[in-house]
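**Q** Sending over a structure as structure tokens; questions will come in a sec.
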Amino acid sequence: MDRSELVDLLTPEGFRLLDSLPPWDAKADVVRLVSSLRAQGHPAGLVASVLSQSRLRARAESKFGEFASRMLFTDAGLEQATRLSVAALHAGRYTAAGIGRVADLGCGIGGDALAMAALELEVTAADADEVTAAIASYNLAPFTAATVLNARAEEVDLAGVDGVYLDPARRTAGHSETERLTQASDYSPSLDFAFGLGERMPTGVKLGPGFDRSLIPANAEAQWVSVDGQLVEMGLWFGALARPGIRRSALLLGRAGTAELSAAADSPDVEVRELGEYLYEPDGAVIRARLIGDLAREIDAGMLSEGIAYLTSDAARATPFATAFHVLEALPTDEKKLKAALRERGIGTLEIKKRGIDVDPAQLRKRLQLKGTASATIVLARQAGKHVTLLVERV
């Protein structure tokens, strides 16, 4: 979306047309719908804009729930936006720390600022991109305590601000078809700027979950967040926003509620042991936070192999921090023999999980030429350094 398209959309005609559309259906005949709207006299550019917003609102429901139907988006803005459930936890840190005035620098479409404003924080949100800032302004319009600036993070006057939140751009500029930046030095604003703020005032910095751990400042609390089993972000918290005695944490959000594993530092791994009756796959947040050892001690498990993020034990222990599997049997590691073993068991649908093994599950599944009505899960991993193939079932 460019500036002219946004201007056309932000008109009474644009909103009436957007609100008149039926719920987005990916299987609908879009060509027919476009033709119908054009026949009603609507300009081609406006039709394209409202249909794009309808599509984005449907996609945004997974992040923003019912609020999505009242928001505007860009493709890139939605892709990078914080889920509302996670943004609410971010905002909660500021209220818990007694911070009332927050600067959200690099606010994107305004997801985090929206959560802060909903908790009655006074928010100054800023984004360097004109279109993105305008969309954030629209999304935050219901909150009188929220102000949106079209400005670079480094240009925002922080006088009177109690705390800062930054979501550095980790993709190339644009509103669609952007590419991920592979070098942290290319982020905007820079990490030097973000971490510098953290040295002098309460600061939160949202980063990708795969962020280079060697760059994490020693004075920051690093928290990896997983939503419904999907690792979504790593947050760094400085000053009053960092909890005393905690430098590593794994926060899991899901239908069953919230669970957190935290520690003062990376936890040492436990010893490797023989394969037990049960196998555990730690959540990605636990793995990234390097708290596998603490989890293992909590469920009385050992490592399946050194450096491989699978745990094993002789008893099933319920934990929100890992998926538990009952080990049914060891299958051949040789591909031809594995193919024969799966056919013998009538397995036609196969889930392939792997760690420490150089194999493409999709290509392997194709080569196995599965036949049958049964479904199964196999784990390709290393046990005490040796390749194993385990037939398992979820507990």
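**Q** Taking only the stretch 383-395 into account, find how many residues are open to solvent by 70 Å² or more (accessible area, probe 1.4 Å), farther than 17 Å from GLU306 by Cα and assigned to a strand (DSSP E or B).
**A** So the answer is 2.
**Q** Is it true that some residue in the stretch 307-316 is in contact (Cβ under 8 Å) with a residue 60 or more places away in the chain, within 19 Å of VAL270 (Cα to Cα), touching a Phe, Trp or Tyr at 6+ places or on another chain (Cβ under 7 Å) and open to solvent by 50 Å² or more (accessible area, probe 1.4 Å)?
**A** Yes: one or more hits.
**Q** Please go through the stretch 258-273 and give me each residue that is open to solvent by 40 Å² or more (accessible area, probe 1.4 Å) and either over 23 Å from LEU207 (Cβ atoms) or part of a strand (DSSP E or B) (or both), ordered by number.
**A** Residues satisfying the conditions are THR258, GLU260, SER262, PRO268, ASP269, GLU271, VAL272, ARG273.
**Q** Still on this structure, I have one more. Filter the stretch 164-178 down to residues that are modelled with pLDDT of 60 or more, outside any loop (DSSP other than H, G, I, E, B) and within 20 Å of the chain's Cα centre (by Cα) and give me whichever is surrounded by the most Cβ atoms within 10 Å (Cβ to Cβ).
**A** Applying the filter and picking the extreme gives TYR165.
**Q** Within the stretch 128-154, can you find the residues that are assigned to a helix (DSSP H, G or I) and closer than 22 Å to GLU5 by Cβ?
**A** Passing the criteria: GLU130, VAL131, THR132, ALA133, ALA134, ILE135, ALA136, SER137, TYR138, ASN139.
**Q** Let me ask something else. Out of all the residues in the stretch 346-375, which are farther than 29 Å from GLY284 by Cα and surrounded by fewer than 14 Cβ atoms within 10 Å (Cβ to Cβ)?
**A** Hits for the stretch 346-375 are GLY346, GLN369, LYS371, THR373.
**Q** Something else: If we keep just the residues of the stretch 133-156 that are of a type in the set (S, T, N, Q) and modelled with pLDDT of 95 or more, which is farthest from PRO189 (Cα to Cα)?
**A** ASN139
**Q** Also: State the number of residues belonging to the stretch 144-163 that are buried (at least 19 other Cβ atoms within 10 Å of the Cβ) and under 23 Å from PRO12 (Cβ atoms).
**A** Qualifying residue count, the stretch 144-163: 1.
**Q** Just checking, which of ALA97, ALA88 is farther than 10 Å from ALA136 by Cα and in contact with a strand residue (DSSP E or B) (Cβ under 9 Å, 6 or more places away or on another chain)?
**A** It is ALA97.
**Q** Oh, and also: Out of (1) in a helix (DSSP H, G or I); (2) farther than 26 Å from ALA169 by Cβ; (3) open to solvent by 40 Å² or more (accessible area, probe 1.4 Å), the odd one out for GLU79 is which?
**A** (2)
**Q** Scanning the stretch 291-306 for residues that are touching a residue at least 40 places away in the same chain (Cβ under 8 Å) and in a loop (DSSP other than H, G, I, E, B), which turns out surrounded by the fewest Cβ atoms within 10 Å (Cβ to Cβ)?
**A** GLU306
**Q** I would also like to ask the following. Conditions: (1) open to solvent by 20 Å² or more (accessible area, probe 1.4 Å); (2) farther than 19 Å from GLY293 by Cα; (3) in a strand (DSSP E or B). PRO244 meets all but one. Number of the miss?
**A** All conditions pass for PRO244, except number (3).
**Q** Looking only at the stretch 353-382, which residues are over 25 Å from GLU306 (Cα atoms), part of a loop (DSSP other than H, G, I, E, B) and aliphatic (A, V, I, L, M)?
**A** Correct list: LEU370 only.
**Q** On to the next question. Write out, first by first residue and then by second, each pair whose Cβ atoms fall under 8 Å of each other, whose residues are 6+ apart or on separate chains, and whose first residue, in the stretch 202-216, is part of a loop (DSSP other than H, G, I, E, B) while the second is open to solvent by 20 Å² or more (accessible area, probe 1.4 Å) and of a type in the set (Asp, Glu).
**A** Sorted first by the residue in the stretch 202-216, then by its partner, the pairs are PRO202/ASP162.
**Q** If you scan the stretch 21-55, which residues turn out to be part of a helix (DSSP H, G or I) and either touching a residue at least 60 places away in the same chain (Cβ under 8 Å) or open to solvent by 80 Å² or more (accessible area, probe 1.4 Å) (or both)?
**A** Matches in the stretch 21-55: VAL31, ARG32, ARG38, ALA39.
**Q** If we keep just the residues of the stretch 104-122 that are of a type in the set (D, E, K, R) and outside any helix (DSSP H, G or I), which is least open to solvent (accessible area, probe 1.4 Å)?
**A** Filtering the stretch 104-122 for residues that are of a type in the set (D, E, K, R) and outside any helix (DSSP H, G or I), the one least open to solvent (accessible area, probe 1.4 Å) comes out as ASP104.
**Q** For the list (1) in a loop (DSSP other than H, G, I, E, B); (2) buried (at least 20 other Cβ atoms within 10 Å of the Cβ), I need the number of the one condition that ALA125 fails.
**A** Of everything listed in (1) in a loop (DSSP other than H, G, I, E, B); (2) buried (at least 20 other Cβ atoms within 10 Å of the Cβ), ALA125 misses just condition (1).
**Q** Okay, moving on. Tell me, please, whether a residue that is open to solvent by less than 10 Å² (accessible area, probe 1.4 Å) and in a helix (DSSP H, G or I) can be found in the stretch 274-289.
**A** Taking every residue of the stretch 274-289 in turn, at least one turns out to be open to solvent by less than 10 Å² (accessible area, probe 1.4 Å) and in a helix (DSSP H, G or I).
**Q** Does ARG213 satisfy being open to solvent by 20 Å² or more (accessible area, probe 1.4 Å), touching a helix residue (DSSP H, G or I) at 6+ places or on another chain (Cβ under 9 Å) and farther than 19 Å from GLU79 by Cβ?
**A** Judged against the criteria, ARG213 is a match.
**Q** Looking only at the stretch 317-333, how many residues end up being in a strand (DSSP E or B) and either open to solvent by less than 40 Å² (accessible area, probe 1.4 Å) or over 13 Å from LYS353 (Cβ atoms) (or both)?
**A** Residues that pass the stated criteria total 9.
**Q** Right, next: Kindly indicate whether any position in the stretch 339-352 is among the acidic types (Asp, Glu), in a strand (DSSP E or B) and without any contact (Cβ under 8 Å) to a residue 40 or more places away in the chain.
**A** Yes, the stretch 339-352 contains a residue that is among the acidic types (Asp, Glu), in a strand (DSSP E or B) and without any contact (Cβ under 8 Å) to a residue 40 or more places away in the chain.
The values are calculated or read from the model by the stated rules, or taken from the named source; none is laboratory data. The model shown is predicted, which means the values in this text are computed figures rather than measured ones. Glycine also receives a Cβ, built like all others from the backbone with ideal geometry; neighbour counts cover every protein chain displayed. Surface accessibility is based on the protein's heavy atoms, side chains included, excluding ligands, DNA and RNA. Shrake-Rupley method; radii C 1.70, N 1.55, O 1.52, S 1.80 Å.
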